[in-house]
1. Give the lysines reachable from residue 404 as a straight Cα distance under 30 Å; neighbours fewer than 8 places away on the same chain don't count.
2. If amide H atoms are built 1.01 Å from N in the plane of the peptide, which residues on other chains or at least 5 residues away come under 5 Å of the amide H of residue 178?
3. Output wanted: per-residue J couplings in Hz (rounded whole) for segment 183-196, from phi through Karplus 6.51 cos²θ - 1.76 cosθ + 1.60, θ = phi - 60°, x for Gly and Pro.
4. Based on a Kirkwood Rh over C-alpha pairs, give the Stokes-Einstein translational diffusion coefficient of the chain at 10 °C and viscosity 1.306 mPa s in µm²/s.
5. Suppose a student asked you for the relative contact order of the chain, using Cα pairs under 8 Å spaced at least 6 residues apart; what percent would you report?
6. Based on the Cα atoms of segment 84-209, what semi-axes does the equivalent ellipsoid have, where each is the square root of 5 times one gyration tensor eigenvalue, given in whole Å with the largest first?
7. So what are the ³J(HN,Hα) numbers for segment 12-18, from phi and the Karplus equation (6.51, -1.76, 1.60; θ = phi - 60°), rounded to whole Hz, Gly and Pro as x?
8. How long, wide and thick is segment 330-471, going by the Cα atoms along their three principal axes, in whole angstroms, largest first?
Amino acid sequence: MSSNADKFLEIASNFPDGALDDHQKYEHPLVLRYATKEMSFVWSPAMKFTTWRKLWTALATAEQELGLDIDDKQLEQMRSKLYDIDFEFAAMKESEFRHDVMGHVHAFGEVAPAAMPIIHLGATSCYVGDNTDLIQIREALKLIRRKLVQVLSTLKEFAVKYRDLPTLGFTHYQPAQLTTVGKRCTLWMQDLLLDLQCVNREIEELPMRGVKGTTGTQASFLELFDGDHKKVTALNKRVCELMGFSRSIAVSGQTYTRKIDFNVLSVLSGIAQSAYKMCGDIRLLANLKEVEEPFSKTQIGSSAMAYKRNPMRSERVCSLARYIMGLPTGAANTHASQWFERTLDDSAIRRIILPEGFLATDVVLNLVNNIADGLHVWPNVVHAHVMAELPFMATENIIMECVKAGGDRQELHEAIRVKSMEAGAVVKGEGKPNDLMERISKDDIFKTVHPKLDQLLNPRLFVGRSPEQVDEFISEEIDPVISKYAELISVQSVDGVNV
């Protein structure tokens, strides 16, 4: 007779035919679990292939303007069918031709038959492929800019609210001089502000590939225009204008230089680094119970330990950010390995790392904004940690006050040193509170400061210019950005954050 274990092993050893047919295909978690609708659309087939049609229409329009035999009916048909794509027909033609661009040329010609003879006239596949990539990159960067500005706006409120709340600073993750909660927030903001500057630069300087031909020489277009170089130059400029670009890349091979991809992904990596640093700090602060990320009423921190409040959103940010930070390496290797005018080993990896880099960065910024908007500070815990270390930090001020009253600096220093060691032994060896101030209050060598001890232990005396630095940073660096992009701050994201 078979045991229950035998029965289990028998049924579990082989996946039955026909079971869960609708769920036997890998589903990308970045798309299904994390990505926003907005960024998904930028990299969607709908965006990609309608942009191909816009590029073909812009090319034909410019070619007509410069004298080629293209009539208004052909252009009208092309314009009217920009958004009428039969993807099944295109896939069938791609399978027949083993060529994705020609599959979509024929799909466009099927619904715009009058224009079929002039669709893709003089162009190479990279005319639609590369130019579309750059258009998608530009639109994706604009979305990233919006999210960055919104994060800075949210963090500003937090920084201002806690501009003067003293907290322990840490170097080497050991207690150091005091700062404020708001000042620490400005460190996160400074990184993100630098990222915004890089994003802006990419948007402003991103070129279109333009009309370049098969190896970048524009030979096919020179043939079309009977050797008229000025018309070829004008064609390139006009197509760029019609597609919303002020310039094209000066020279290219068959493709635009893949260094652009590396530069763009490096900017995304920079954003990921900033987000990781911020959320890493929040995770450490959560352990100290000083600051916590939002936590919903029904959220479960652990399936086993019901009391836990894990910083899941910050952990997700760090996880996704770690992935983003690795992407520039692939882009660097791709650029470096391009032989002469072009090799096709750039294609597969670019289909993956460009969309996924933007999809992941967009999610990270959504999460960071959500975290920043709901950060909860526990001032009493913060204060308790400050007061546990402040007696040691206050010793220099105590010595100075006693010297002013006629004390011997060296004798005072030695007395403080001995009592600090004794108090430290109590804290570390016995697990008791720091009693350094009590020891000082009982020693007559310090009697001139006994009435002032509480005053000398005011944490606000030890934060330096932290509150003023927050004010200056906000007014000089952040407010101008928020003012410049005020219209972006009010735009609501389509998606929320699911934890």
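1. 419, 442, 447, 452
2. 169
3. With coefficients 6.51, -1.76 and 1.60, one gets 5, 4, 4, 5, 5, 5, 5, 4, 4, 5, 5, 4, 4, 4 Hz.
4. After rounding, the answer is 57 µm²/s.
5. That works out to 18 percent.
6. Equivalent-ellipsoid dimensions as semi-axes: 54, 14, 13 Å.
7. Per residue, the Karplus-derived 3J(HN,Hα) values read 8, 6, 10, 6, x, 4, x Hz.
8. Result for segment 330-471: principal-axis Cα extents of 83, 37, 36 Å.
The values are calculated or read from the model by the stated rules, or taken from the named source; none is laboratory data. Model, not experiment: these values are computed from the prediction. A quick note on method: Cβ atoms are made from the backbone with ideal geometry, for glycine too, and the neighbour counts reach across all protein chains shown. In case anyone asks, the SASA skips ligands and DNA or RNA and just uses the protein heavy atoms, side chains included. Shrake-Rupley method; radii C 1.70, N 1.55, O 1.52, S 1.80 Å.
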